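First comes the structure, then the notes that go with it.
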Amino acid sequence: MNKLLSIAATAVRELLYERVFYILLAFAVVGVVFSNALGELTYADQAKLSLDFMLAGTQMSLVLFSIFVGVGLFQRELTSGSVAMILSKPLSRATFLLGKFLGQMTVQALVVVALCLLTIFMWSLGQGMSANLVWSIIQAFYLCYLESVVLAAVTYALATFSGSMTTGACALSFFFLGHYRKTFDLTLTGGSVWGIAEKLLPNLELFNVKTLATYAFLVPPVEVFWLTVYAAVCATLFLLMGIVIFRERDIPT
């Protein structure tokens, strides 16, 4: 456990010195701020559209965080060969992978909290805030974070056996397939390959409650609990797959 936490702490420090981390963070902040302005340009319900844009911008920011930060944090160690020196110490490959993942998730949790507070602040500047609306925004951010946990686990699993570009492209494909399963169901009806893939792919649309949040509707706590369990199970399965592949991989020195 101490070694796991040590790797996680090292991963947090690495992320704080990563240029791509600050680029993505700036993108997320600018996206939230400009989303409010985009809503004001419409003739429809400006308040709800502004919040919808903010939540959509946050979701895409977390997707980019999960994939590209994960690729940079883990894949760079493999391509540079520095992981061989780290693993030469009494440290298992599973501990190394899980430590990196835990460190990234810690940083992403802090980013989610910061973006959630920024969104509530931006919204409160021009709109009244009800308790239901505040909790619905917090709930939407929490479910976005769960989605990012699953995507990060997918990214780490892919990074154990493929290059940076392939990992990023495949992880993005997981994101779009996870959200547009119904579209593929209609267009690929009867396809045996898609039938198998559909059962293996996580259903990321379950975490999409942006529309409910804009109307201050709350998902029942029981559903939030089961979504948390679902995300934990999906992330665990992908991480286990990554650990198994990583154990069998030859690492150049």
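No value in this document is a laboratory result; all are computed from the given coordinates. Just so you know, these numbers come straight off a predicted model, no measurement behind them. Note that each Cβ is placed from the backbone with ideal geometry, even for glycine, and that neighbours are counted across all protein chains shown.
Remarks
- Neighbour net charge for Leu62 - beta-carbon separation under 13 angstrom, K R +1, D E -1: 0
- The slack between Thr236 and Glu205, meaning 0.36 nm per residue of separation minus the straight C-alpha distance, is 9.3 nm.
- Gain on full stretching of the segment that runs from Val134 to Arg76 - 0.36 nm per residue minus C-alpha separation: 17.0 nm
- Extending 7 Å from the Cα toward the beta-carbon at both Leu102 and Arg13 defines two label points whose distance is 1.6 nm.
- With neighbour counts taken as other beta-carbon atoms within 10 Å, the residues Lys48, Lys3, Lys210, Lys100 rank, fewest first, as Lys3, Lys48, Lys210, Lys100.
- For Val30 and Ser6, the difference between the fully extended length at 0.36 nm per residue and the C-alpha to C-alpha distance is 5.4 nm.
- Residue exposure proxy: Met54, Met105, ordered by other Cβ atoms within 10 angstrom of their Cβ from fewest to most, comes out as Met105, Met54.
- Summed side-chain charge close to Leu73 - residues other than Leu73 whose Cβ falls under 10 Å, Lys, Arg +1, Asp, Glu -1: -1
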